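Asker: So that we are looking at the same thing, I have put the structure below in structure tokens.
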Amino acid sequence: QVQLVESGGGLVQAGGSLRLSCAASGRTFSNYDMGWFRQAPGKEREFVAAINWSGARYADSVTGRFAISRDNAKNTVYLQMNSLKPEDTAVYYCAASIRPLSGRALEYNDWGQGTQVTVSS
């Protein structure tokens, strides 16, 4: 099991930027694919981005605006969010998976508690 703790959320104006961090502990971090998901009120949890040793993938809605990265020496995965829009408002979760670059929440076994991102218009 991997324990995950997100940070970096907050309130930002449309067009602004935020960087989310997710610190991992427990099993060997580098063995896992890491993903970011988000959930807005009244909506299902949706895939945002994932990363492993071979590359990354993004949801169409964030491609070109968000960038996922990881630092295995620090057991941390990041989500740089630029050009934020009000529709990006959600609780953002990081998660760990053994499935390569999965976009399906069911294929992630370990989850953080989430961090709130609010984008004002």
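The values are calculated or read from the model by the stated rules, or taken from the named source; none is laboratory data. Here the structure is a predicted model, which means the values were calculated and not measured. Here the Cβ positions follow ideal geometry from the backbone for every residue, glycine too, while neighbour counts run over all protein chains shown. For accessibility, only protein heavy atoms count, side chains too; no ligands or nucleic acids. Shrake-Rupley method; radii C 1.70, N 1.55, O 1.52, S 1.80 Å.
Asker: Just to confirm, what accessible area per residue do you get for the chain at 1.4 Å probe, in whole Å²?
Answerer: 52
Asker: Using only the alpha carbon atoms of the chain, find the Kirkwood hydrodynamic radius as the inverse mean reciprocal pair distance, in angstroms to one decimal.
Answerer: It is 14.0 Å.
Asker: While we're looking at this one, here's another question. Compare ALA24, ALA96, ALA14 in a GNM of the chain, Cα atoms joined below 10 Å, and give the one with the largest fluctuation.
Answerer: Of the options given, ALA14 has the highest mean-square fluctuation.
Asker: Kindly provide the chymotrypsin sites (Phe, Trp or Tyr not before Pro) of the range 9-105 that DSSP labels as loop, not H, G, I, E or B, and whose Cβ sees at most 14 other Cβ atoms within 10 Å.
Answerer: TRP53
Asker: Now, a different point. Could you order VAL2, VAL91 by accessible surface area, starting with the largest, using a probe radius of 1.4 Å?
Answerer: Accessible-area ranking of VAL2, VAL91, largest first: VAL91, VAL2.
Asker: Hey, got a sec? Which GluC sites (Glu not before Pro) in the range 43-121 land in a DSSP loop and have at most 15 other Cβ atoms within 10 Å?
Answerer: Answer by residue number: GLU44.
Asker: Could you give the size of the charge dipole of the chain about its Cα centre, using +1 on the Cβ of each K and R and -1 on the Cβ of each D and E, expressed in debye and rounded to the nearest 20?
Answerer: 120
Asker: So for the pair SER30, SER83, with labels modelled 7 Å out along Cα→Cβ, what separation do we get in nm?
Answerer: 3.4
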